[in-house]
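What follows is a short report on a single structure.
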Amino acid sequence: MGKKTTHKFKAEVSQLLDILVHSLYTNKEIFLRELVSNASDALEKARFKATSDGTEDNVTPEIRVEADKDAGTVTITDTGVGMTRDELMKNIGTIAHSGTAELTRMAAEGKESLDSLIGRFGVGFYSVYMVAEEVTVTTRSMEEGSKAITWTSDGKTDYKLQELDEDLPRGTKIEVKLLEDEKPRFANNAALKTIINKHSNFINFPIYVGEEKVNTVTALWREPKFQIKDEQYAEFYKFLTYDSEDPFDTLHTSVDAPVQFNALMFIPKSDEDPFGMNRDNRGIDLYVRRVLIEKQNKDLLPEYLGFVKGVVDTEDLPLNISRETLQDNVLMRKISSTLVKQVLNHLDKMAKDNAERYDEFWHAHGNLFKAGYMDFFNKEKFANLVRFNSSESEDAKGLTSFADYISRAKEDQKEIYYAYGPSREALGLSPHLEVFRNKGIEVLYLYEPIDEFVMDAVRDYEGYTLTAAEHADMEKLDKFESLVEEEKPEALSDDQQSTLDKLITRIKDVLGDAVTEVKASQRLSNSPVCLSNPDGNVTSSMDKIMRVVSKDNSIPKKVLEINPDHVLVRNMLTIFEQDENDPFIDQAANQLFESALLLEGYLTDPHALVGRVQELLTKSSGWYVDTKK
Ligand code: ADP
Ligand code: MG
């Protein structure tokens, strides 16, 4: 016997253990799911190692689970890779997983159930301390000449290690000494069998409880489709993802050319990672002839299809392929491009057959999907599949495709117009869109910065040019009739026109370098002014994104467009006619400019604006009192 040594847990382990032990609302039975899946991982690793080394492995892969009622214990044994002393210390004394801090934070916030967090973040081993008073791990590594070693801990502050002299078979045995309260529930084989059937039915190796084999070791993806019931798909999906809900959609295919593979893929009902905090938790499990080569392989599907979960199994790759060479493997690339096409075609069919269902999909995964604007190989398919809210939608949830837009476009209209804004309400009031509202021309509403990248990448659709509303060519819009009776004031006389030109010059003088130009506008009807971009290339929102990236805080220089038909502008004209130097002109010019900046989200210091508003209100309330007298 080797010497018994005592080791302290790393701080993050203690923290995690504390959360687990005190989480009253967690489904405690999942400890078994975690230990069984570790046993399965160890068996996969052993098989993988044997095949890639080209050695023959004569150990039967299996997992045994056994309760002892009298002793109040549960024991899980596997014939997998086992662990060396170093591995044991590294794997079960510290937490290597980078998601742990994240898990600890999320668990502390209590927003998500710990059950699904444990599964997703892979800190499974420690979940045993929800039911255990003490755990003993006895293991011998598959590595030549390894000695058996035991690890014991009550899961509080430290653990003990001791080397054994006995010549144990390779693999790992985990003895769980149950807490007094948990004994009635877990210290019996019938209960363990039920739990395994519920959570671990699809484990790739036989699991025995007592002498009985309790799982059905089938590679569901290799079974003929017609033999599989929906419930089986759902069960497998839950096993794979730890989702508590059924999948939204299932895609089961078998391909022979250009490369052979079977794929079973799922689309979950909701985005499990809405804030993109755990983007690493994606990928397709890759099997070669039923042997797991890599969990969550990231090369088979691009990031924008990261919502797809599932497995791919191929006959065409060699079993002893190393994970490192997978990335530049030609066959892998063929599988990947076929897989992407299958997913996109599947979505396309859903969109055509059942638009409502597709909308549901879009609301769950659309935001991630939009990143597909970078997939130039599938540009057309992508363009068919993106959706936007639009001025024609009933509410902010309504979705429109480019094809929908075209079907409603006006005769002679060759542009698809879009505008970016913080919300449907804001866009509904935007001065830039007045002309579109008046003429009944649809505008796609963009709420996310990524939407503009989508527009930039797609560029045109079926001969229609994607055009930002703020860059619309007013002459092209002229030909469409206005739908509303616009109460236009009398046209300006020639004299007034030249006074307007002078007024505009005066306003430019007042604003100086803050604007590049002041000009009369044709696009406005209800608003007195708006700001537009001097060069017609980038839109305001793209400009904002670029400024954030380059950390540029200055206020951009824009064109101030003035509506000559607006009452306020006409009043300014009258005042200007009487006295070109009336200070009201200065005040009004500054006020209009700053309000426009405010609307565009560029006003950083509102003090001057507020001061001016108060001064004007004071004056006008005085006049109001006078006229009331
Ligand atoms: P994860 O399985 O996500 O890595 P766990 O906390 O469940 O996290 O396990 C931690 C590590 O302990 C595993 O990655 C593995 O290296 C090791 N381990 C746990 N159980 C076994 C086992 N039965 N056989 C071999 N190694 C194991
Ligand atoms: Mg695990």
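Of 162, 48, 581, which is farthest towards the positive pole of the chain's charge dipole, taken about the Cα centre with +1 and -1 on the beta-carbons of Lys, Arg and Asp, Glu respectively?
Of the listed residues, the answer is 162.
For the pair residue 551 and residue 337, what calculated FRET efficiency results from E = 1/(1 + (r/R0)^6), where r is the Cβ-Cβ distance and R0 = 30 Å, to the nearest 0.05? Kindly include the intermediate steps, with their values, before the conclusion.
Working: r = 39 Å, r/R0 = 1.29.
Rounded to the nearest 0.05, the efficiency is 0.20.
Please identify the GluC sites (Glu not before Pro) of the stretch 22-71 that satisfy two criteria: DSSP loop assignment and at most 10 other Cβ atoms within 10 Å. Which are they? Kindly include the intermediate steps, with their values, before the conclusion.
Numbers: sites: 29, 34, 44, 56, 62, 66; in loops: 29, 56, 62.
Counting only loop positions with at most 10 other Cβ atoms within 10 Å, the GluC sites (Glu not before Pro) in the stretch 22-71 are 56.
Taking every DSSP beta bridge that has both residues in the stretch 388-478, what percent is antiparallel when rounded to the nearest 5?
On the way: 5 of 12 bridges.
Taking every DSSP beta bridge with both residues in the stretch 388-478, the antiparallel ones total about 40 percent.
Roughly how many nanometres apart are two label points built 7 Å out from the Cα toward the Cβ at residue 492 and residue 619?
2.2
Taking the Cα centre of the chain as the origin, how large is its charge dipole in debye, to the nearest 20, when only Lys and Arg (+1) and Asp and Glu (-1) carry charge on their Cβ atoms?
Working: 77 positive and 111 negative charges, 347 e Å.
Dipole about the Cα centre, nearest 20: 1660 debye.
With n ≥ 4 as the cut-off for DSSP H runs, can you work out [θ] at 222 nm for the chain, using -39500 (n - 2.57) per run divided by the number of residues, rounded to the nearest 500?
-12500 deg cm²/dmol
Just how many pairs of Lys in the stretch 388-478 have C-alpha atoms closer than 21 Å, counting pairs that are eight or more places apart or on different chains? All intermediate terms of the calculation are to be shown ahead of the outcome.
Working: 410/439; 410/476; 414/439; 414/476; 439/476.
Going through the stretch 388-478 pair by pair, I get 5.
How far apart, in nm, are two points set 7 Å out from the Cα along the Cα-to-Cβ line at residue 325 and at residue 71?
In this crude spin-label approximation the distance works out to 4.6 nm.
Kirkwood Rh, Cα Rg: Rg to Rh for the stretch 168-292? Could you put the intermediate results ahead of the total?
Working: Rg = 17.9 Å, Rh = 17.5 Å.
Result for the stretch 168-292 is an Rg/Rh of 1.03.
Any idea which of 345, 472, 447 is furthest toward the positive side of the dipole for the stretch 331-477, if Lys and Arg beta-carbons carry +1 and Asp and Glu beta-carbons -1?
Of the options given, the answer is 345.
Tell me the per residue accessible area of the chain using a 1.4 Å probe; a whole number in Å² is fine.
Details: 31880 Å² over 629 residues.
About 51 Å² of surface per residue is accessible.
Name the trypsin sites (Lys or Arg not before Pro) in the stretch 514-597 that are in a loop by DSSP and that have at most 16 other C-beta atoms within 10 Å, would you?
Details: sites: 519, 523, 544, 547, 551, 557, 558, 570; in loops: 523, 551, 557.
Hits after loop and neighbour filter: 551, 557.
Which percentage, to the nearest 5, of the DSSP beta bridges contained in the chain is antiparallel? Working shown, then result.
Values: 62 of 81 bridges.
Approximately 75 percent, going by the DSSP bridge assignments.
Would you rank 503, 483 by solvent-accessible area, highest first, keeping every protein chain in place and using a 1.4 Å probe? Walk me through the intermediate numbers first.
Numbers: 503 5, 483 120 Å².
Ranked from most to least accessible, the order is 483, 503.
In a solvent-free Debye calculation with one equal scatterer on each Cα, what is log10 I(q)/I(0) for the stretch 388-478 at q = 0.14, 0.21, 0.22, 0.23 Å⁻¹, listed in the order of the q values?
Computed log10 I(q)/I(0) values: -0.43, -1.06, -1.18, -1.31.
Could you check the simple spin-label distance between residue 256 and residue 14, using points 7 Å along Cα→Cβ, in nm with one decimal?
In this crude spin-label approximation the distance works out to 6.3 nm.
How big, on average over all directions, is the shadow cast by the Cα convex hull of the chain, in nm²?
38.9
Roll a 1.4 Å probe over the protein heavy atoms and report the accessible area of residue 333 in Å², nearest 10.
140
Between the alpha-carbon centers of the stretch 235-284 and the stretch 348-376, tell me the distance in whole angstrom.
Their Cα centres are 15 Å away from one another.
What percentage of the solvent-accessible surface of the chain, computed with a 1.4 Å probe over protein heavy atoms, is contributed by carbon and sulfur atoms?
On the way: 15730 of 31880 Å².
C and S atoms contribute 49 percent here.
Only bridges with both residues in the stretch 284-382 count here: give the DSSP antiparallel percent, nearest 5. Spell out each step's value before the answer.
Numbers: 4 of 8 bridges.
Here the share of antiparallel DSSP bridges comes out near 50 percent.
What does the stretch 494-628 give for Rg and for Dmax, in Å, if only its C-alpha atoms count?
16.2, 55
What does the highest-first list of 351-359, 265-273 look like by mean Cβ count within 10 Å? Show your work: numbers first, answer last.
On the way: 351-359: 13.6, 265-273: 18.9.
My ranking of the peptides, most packed first, is 265-273, 351-359.
The values are calculated or read from the model by the stated rules, or taken from the named source; none is laboratory data. This is a predicted model, so every value here is computed, not measured. Counting neighbours? That spans all protein chains shown, and the Cβs are built from the backbone with ideal geometry, glycine included. Remember, those area values only see protein heavy atoms, side chains included, never the ligands or the DNA or RNA. Shrake-Rupley method; radii C 1.70, N 1.55, O 1.52, S 1.80 Å.
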